[in-house]
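Heads up, the thing below is written out as structure tokens.
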Amino acid sequence: MVRFYSTDYTYAYPFPAVSLAYFLRYPNPYSRHVASTDTISRAFDPATQRLTTVRLHVKRSRLPPAVVKLLPKSTFTGGGGDGKSTQSFILERSVVDARQGWMECESWNLDWDNVLSVIEKHTYTRPAALSSTAGGVEADRTDVSVSVTLKSRIGEQLRKRRQRWGEQATASSVSGSSNGEEESVAKPGWFSSWSSGAIRSAIESISLQRTEKSQPKAQKGMSVVLSRLRNGGIQEVLEGMRKDRELEI
Amino acid sequence: MSASLAPECNETKERYDNCFLKWYSEKYIRGTATNDECEPLFKQYKTCLSKALKERGIDQMLEDARADNKENDAEYMKLSAR
């Protein structure tokens, strides 16, 4: 089964500010779980004036604790050895069209996707009535549309080899390549108490609840960045990030 | 500024990010950009990052993600061509 979350709202800021804030949104006081953000590629097309960006975010404890409890310990062999560390790699692709006044962003998790795959889409648009007056007066609001699709595939890995990258990424902590084999032998016993369908469904439900809580926080985080941007431009945002980091320490 | 996953790349990342933010807000979003002025700085950052991704075994994960994406795109093209 697939769970779906969606919401629409409006930021009381013009589109240029909102699109800039998207690139500047980490760190903010509501993003303690985001450890790093790197730009993997960026392409500007002068003909269409579209800007395409691919970024990689590393987030901590992406899996909710209730989900972690449902998983066999062997799931965490790649997480750093303590059995509980759950960092996750999120890839984000965004396209901005400054001329037409829209930005489309899509992000998905690169690891743990056998446990839970999360695809998040954000669309930011300049209000329709003003789209034609590009270069003229900017509307002081931006419409946002968010959708999140959650799907668990746990149990499916029993039928196929452990994913290629998984062996790659944990190569330093695992000697040899026999680890994947041992795991698939160990799992059927664990699955006998719960059907994998029931576990998938439970993981999706728990994750949906968490999405319902985390989305308003993400929105608040963007609002903090937007307000800093309005008060003192990019410098104020960067200064705010420094202060947030000091508070954390 | 957000941190890089590779601390050794933070310096080149920050130089690039600063350039990008300036270019984005002063030129791109105003529709006056003719080229990506920050590309030389991005190349420096990318050199550092690519090495770091490789050392940490993350490069393969990214390549697989791109390959999957291409497959999906191809699948989508087929569907929409019907």
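The values are calculated or read from the model by the stated rules, or taken from the named source; none is laboratory data. The shown structure was predicted, so the numbers you read here are calculated from the model rather than taken from an experiment. Glycine gets a Cβ as well: all are built from the backbone with ideal geometry, and neighbour counts include every protein chain shown. Please note that ligands, DNA and RNA were not included when accessible areas were found on the heavy atoms of the full protein model with its side chains. Shrake-Rupley method; radii C 1.70, N 1.55, O 1.52, S 1.80 Å.
Return the FRET efficiency for the residue pair residue A:236, residue B:64: r is the Cβ-Cβ distance, R0 is 56 Å, and the value is rounded to the nearest 0.05.
Details: r = 39 Å, r/R0 = 0.70.
Efficiency computed from Cβ-Cβ geometry: 0.90.
So, R0 is 35 Å and r is the distance between the beta-carbons of residue A:244 and residue A:196; what FRET efficiency does that work out to, to 0.05? My answer for the efficiency is 0.30. Approximating the spin labels as points 7 Å out from Cα along Cα→Cβ, the residue A:104-to-residue A:208 distance works out to 2.6 nm. The stretch between residue A:227 and residue A:156, if pulled fully straight at 0.36 nm per residue, gains 21.1 nm over its current Cα-Cα span.
Taking a probe of 1.4 Å and counting only protein heavy atoms, give the total accessible area buried between chains A and B in Å², rounded to the nearest 100.
Values: alone 13680 and 6660 Å², together 17190 Å².
It comes to approximately 3100 Å² buried between A and B.
Roughly how far apart, in whole Å, are the Cα centres of segment B:1-70 and segment A:1-70? Here the two parts' Cα centres lie 15 Å apart.
Quick one: pull the percent of accessible area on segment B:7-57 belonging to carbon and sulfur, 1.4 Å probe, ligands and nucleic acids left out.
About 52 percent, which is the carbon plus sulfur part of the accessible surface.
Using a 1.4 angstrom probe on the protein heavy atoms only, line up B:25, A:19 by accessible area, largest first. Could you put the intermediate results ahead of the total?
On the way: B:25 25, A:19 0 Å².
Most to least solvent-accessible, the answer reads B:25, A:19.
Taking segment A:24-43 and a reference point 7 angstrom along Cα→Cβ of residue B:39, the backbone N atoms nearer than 20 Å belong to A:39-43. Extension gain, residue A:123-residue A:7: 0.36 nm per intervening residue step, less the Cα-Cα distance, totals 40.7 nm. Partner shielding of B:52-60 amounts to 4, given as the average count of beta-carbon atoms from other chains within 10 Å of each residue beta-carbon. Averaged over peptide B:28-36, the number of partner chain Cβ atoms lying within 10 Å of each residue's Cβ comes to 5.
Let me know the mean shielding of A:44-52 by other chains, meaning the per-residue number of their Cβ atoms within 10 Å of its Cβ.
On the way: counts 10, 1, 4, 0, 0, 6, 0, 6, 0.
That average works out to 3.
How would A:226, A:247, A:70 rank on accessible area, largest to smallest, probe 1.4 Å? Before the final figure, lay out each step's value.
On the way: A:226 0, A:247 135, A:70 30 Å².
Final ranking, largest accessible area leading: A:247, A:70, A:226.
Taking label points 7 Å from Cα along the Cα-to-Cβ direction, residue A:220 and residue A:141 give a separation of 2.3 nm.
Scanning residues 5 or more positions from residue A:110 or on other chains, those with amide H under 5 Å from its amide H are A:89, A:90, A:91, with H placed 1.01 Å from N in the peptide plane.
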